[in-house]
There are 2 protein chains.
Amino acid sequence: MIIDCHGHYTTAPAAHTEWRRAQLAASSAGERPPPYPSIPDDDVRQSIVDNQLRIMAERGVDVTIFSPRASAMGHHAGDEAVSAAWARACNDLIHRVVTLFPGRFAGVCQLPQSPGVAIARAVPELRRCVEELGFVGCNLNPDPSGGHWTAPPLTDRYWYPFYEAMVALDVPAMVHVSGVTNPNFHATGSHYLNADTTAFMQFLQADLFTDFPGLRLVIPHGGGAVPFHWGRFRGLADMLGRPPLSESVMRNVFFDTCVYHQPGIDLLFEVVDVDNILFGSETLGAVRGIDPRTGHHFDDTRRYVDALGLDPADRAKVYEGNARRVYPRLAALL
Amino acid sequence: MIIDCHGHYTTAPAAHTEWRRAQLAASSAGERPPPYPSIPDDDVRQSIVDNQLRIMAERGVDVTIFSPRASAMGHHAGDEAVSAAWARACNDLIHRVVTLFPGRFAGVCQLPQSPGVAIARAVPELRRCVEELGFVGCNLNPDPSGGHWTAPPLTDRYWYPFYEAMVALDVPAMVHVSGVTNPNFHATGSHYLNADTTAFMQFLQADLFTDFPGLRLVIPHGGGAVPFHWGRFRGLADMLGRPPLSESVMRNVFFDTCVYHQPGIDLLFEVVDVDNILFGSETLGAVRGIDPRTGHHFDDTRRYVDALGLDPADRAKVYEGNARRVYPRLAALL
């Protein structure tokens, strides 16, 4: 079985996206948002059949761990109530996809984060998604300000109430930022990668996983800059008097394979233990085109992983076993 | 000849560093700073002989392109006058090193940047350093706020007056941030790498090098996350309707080799054209320890580059020719 740990619903029906626009407009005008539209099952089904399911079939992917479009989470937009309503709408739509295609998708929820609001306020939506909707994890945004980095580091006690809930529910989080309002950053071109690198260095510096030995966090996009600079991070751990990365970070932190060329995937597997790598593609996501050098889609990461020639045991870990270990609630769905 | 394009004066005499502390304390108290101390030549000489020159001899490096300690530039601290006095003191000290060891160091200047201050105000110090002190380049900080990213992107017209001066003087800039006050970031562990990635994506998105075909910028630390995600950036250029990277960015942008393990250097040279790579080590800098896996210093990047087995022509480019091309004023010194 091949499980893609990183898919977003980037092809949601237009009515859903239109409602978000109306919601934000109403928020700006100080008005109440319109009611969320009724979206027929056929519209949801078609948006998946034409896109994610088609690509999964082409690439031989059996299951996608599926979450709302990351760049559209927009935790910086509106206020807490706006974020809560939008997260709920997005998560309910993910649940419809999971229900319409049994065994093909597993839900991961967007959180109702909002700058300056206690993260404990996001726990009820996490609980609802896991306990009522059968979701297997969540996306946690380390920068709900949208590129201004005003929240405390992920290792700060600010986040602890949320980690307690994650551990109690036995679900992991993918550390995933959203769109930006800071013109220095491009969401998928720099902000995502920066957030990945930033989160890893925060984990390296602190004792978060001593406090939460059962906490599991996935850093997407192959870990940002981290594998390329693996020697730098090993050296910094040493200079800062921290334990080796294998002990202080890599028992709890995992990288996906969203790295869109063969040399990057080769490096990832050369420096990161195979137990810490989950197959992922971010399909349909950041980069949708065809690489003229290969004739295949940039984000067809299965080709790169297959080309590694992993032995069967390692291959099974990357494609399935690690995902089942990091997302144990998958067992109830698959 | 081997030229290291990236060295900082991290071992400056204590009196210099003490003065900075006193300067900032005076600034906070609304008082005038004490006079800059008289530092004997022997103190400057010893701080170099024991450190940079010793390491250069061990590693067979002939020349270091040398600039003030990056993390101590601290453009966010104090105001414009504080930044101007500190930059001048740092640059004068670099000039003393260059003068004390002829042919072994080439100066690169710190700029008197300050958040919210027009970048044109930094041009006189650039001119002084290049025209009076014989410097060959500068370090340009894209985030003088210290991790809050409040300046416009490097492609914004805000920066154009400075680029005009760079082109007129025929000097490049290394894009280099400094220390941080934002607790999300660790200077050498995430902020530096994030800035590298951020700058590259800004260049990808805009027409800066159409406006300044002669502008040359060095992105340090091997380009941050960029080579690891080279496929992502090639794909983003395509998705955004931008020209290929080779045309829009890589005629003007160069990476150094400050990547502290063999797999990272291997990847860098696999995906980036050899004409765009300058040998650099950041010595003595971010990571000073010995890698237990190799028994050698993490930052002994010459070992990694040598291990590539480049042909003589390419080797000469990386160790010398590219640096002479990017920093043409080196010719007057070497």
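Within segment B:27-45, residues that are part of a helix (DSSP H, G or I) reach partners that are of a type in the set (Gly, Ala, Ser) and surrounded by 15 or more Cβ atoms within 10 Å (Cβ to Cβ) with beta carbons closer than 7 Å, at six or more positions or on different chains, in the pairs B:Ser27/B:Gly78.
If the condition is being over 19 Å from B:Trp149 (Cα atoms), crowded, with 24+ Cβ neighbours inside 10 Å and more than 8 Å from chain A (Cβ to nearest Cβ), then segment B:218-238 contributes B:Val218, B:Val226. Looking across segment A:266-298, the residues that are aliphatic (A, V, I, L, M) and at the interface with chain B (Cβ under 9 Å from one of its Cβ atoms) come down to A:Leu267, A:Leu268, A:Val271, A:Ala286, A:Val287, A:Ile290. Every listed requirement among (1) surrounded by fewer than 24 Cβ atoms within 10 Å (Cβ to Cβ); (2) assigned to a helix (DSSP H, G or I) is met by B:Arg288 save one, (2).
Please work out if A:Asp196 is surrounded by 17 or more Cβ atoms within 10 Å (Cβ to Cβ), acidic (Asp, Glu), more than 21 Å from the chain's Cα centre (by Cα) and part of a helix (DSSP H, G or I). So A:Asp196 does not fit the description; no.
Scanning segment B:282-331 for residues that are in contact with a Gly (Cβ under 7 Å, 6 or more places away or on another chain) and small (Gly, Ala, Ser) yields a single hit, B:Gly289. Residues considered: A:Val136, A:Val130, A:Val108. Of these, the only one that is in contact (Cβ under 8 Å) with a residue 24 or more places away in the chain, in contact with a Lys or Arg (Cβ under 6 Å, 6 or more places away or on another chain) and within 26 Å of A:Pro213 (Cα to Cα) is A:Val136.
Scanning segment A:282-334 for residues being more than 20 Å from the chain's Cα centre (by Cα) and of a type in the set (Lys, Arg) gives a total of 3. Residues in segment B:124-151 that are within 12 Å of chain A (Cβ to nearest Cβ), on the phi < 0 side of the Ramachandran plot and more than 18 Å from the chain's Cα centre (by Cα) were compared, and the one that is surrounded by the most Cβ atoms within 10 Å (Cβ to Cβ) is B:Ala151. Of the numbered criteria (1) in contact (Cβ under 8 Å) with a residue 24 or more places away in the chain; (2) more than 9 Å from chain A (Cβ to nearest Cβ), the one B:Asp311 fails is (1). If the requirement is being modelled with pLDDT of 95 or more and out of contact with any helix residue (DSSP H, G or I) (no Cβ under 7 Å at 6 or more places or on another chain), which of these qualifies: B:Ala151, B:Ala173? On inspection, the qualifying residue turns out to be B:Ala151.
Scanning segment B:176-193 for residues that are under 18 Å from the mean Cα position of the chain (by Cα), among the β-branched types (Val, Ile, Thr) and part of a loop (DSSP other than H, G, I, E, B) yields B:Val177, B:Val180. Only one of B:Ala85, B:Ala70 is within 22 Å of B:Phe135 (Cβ to Cβ) and in contact with a strand residue (DSSP E or B) (Cβ under 9 Å, 6 or more places away or on another chain); which? Checking each option against the conditions leaves just B:Ala70. Filtering segment B:152-175 to residues that are within 14 Å of another protein chain (Cβ to nearest Cβ) and either acidic (Asp, Glu) or part of a helix (DSSP H, G or I) (or both) leaves B:Asp156, B:Arg157, B:Tyr158, B:Trp159.
For segment A:199-229, a residue qualifies if it is part of a helix (DSSP H, G or I) and touching a His at 6+ places or on another chain (Cβ under 6 Å), and exactly one does: A:Met201. Residue check: A:Leu204 meets all listed conditions (1) more than 8 Å from every other protein chain (Cβ to nearest Cβ); (2) closer than 28 Å to A:Glu164 by Cβ; (3) not hydroxyl-bearing (Ser, Thr, Tyr) but one, namely (1). Out of A:Ile65, A:Ile48, one residue alone is assigned to a helix (DSSP H, G or I) and closer than 27 Å to A:Arg302 by Cβ. It is A:Ile48.
Considering (1) crowded, with 23+ Cβ neighbours inside 10 Å; (2) within 26 Å of A:Asn141 (Cα to Cα), say which one A:Gly214 fails and leave the rest. It fails just one condition, (1). Checked against the criterion of being closer than 19 Å to A:Arg315 by Cα, touching a Gly at 6+ places or on another chain (Cβ under 7 Å) and of a type outside the set (Val, Ile, Thr), the candidates A:Asp256, A:Asp266, A:Asp238 yield just one match: A:Asp256.
Could you tell me whether segment B:125-139 includes any residue that is among the polar types (S, T, N, Q), modelled with pLDDT of 95 or more and in a loop (DSSP other than H, G, I, E, B)? No; the residues of segment B:125-139 include none that is among the polar types (S, T, N, Q), modelled with pLDDT of 95 or more and in a loop (DSSP other than H, G, I, E, B).
Only one residue in A:Gly7, A:Gly74 is buried (at least 18 other Cβ atoms within 10 Å of the Cβ), of a type outside the set (A, V, I, L, M, F, W, C) and in contact with a Phe, Trp or Tyr (Cβ under 6 Å, 6 or more places away or on another chain), so which one is that? Talk me through it step by step, then tell me what you get.
Working: A:Gly74 fails: in contact with a Phe, Trp or Tyr (Cβ under 6 Å, 6 or more places away or on another chain).
Selected residue: A:Gly7, the only one of A:Gly7, A:Gly74 that is buried (at least 18 other Cβ atoms within 10 Å of the Cβ), of a type outside the set (A, V, I, L, M, F, W, C) and in contact with a Phe, Trp or Tyr (Cβ under 6 Å, 6 or more places away or on another chain).
Of everything in segment B:268-284 that is buried (at least 20 other Cβ atoms within 10 Å of the Cβ) and not hydrophobic (A, V, I, L, M, F, W, C), the residue that is modelled with the lowest pLDDT is B:Thr283.
Does A:Ser190 count as buried (at least 24 other Cβ atoms within 10 Å of the Cβ) and at the interface with chain B (Cβ under 9 Å from one of its Cβ atoms)? Yes.
The values are calculated or read from the model by the stated rules, or taken from the named source; none is laboratory data. Only a predicted model underlies this, so the values are computations on that prediction, with no experimental measurement involved. With ideal geometry, Cβ positions are generated from the backbone for all residues, glycine too; neighbour counts draw on all protein chains shown.
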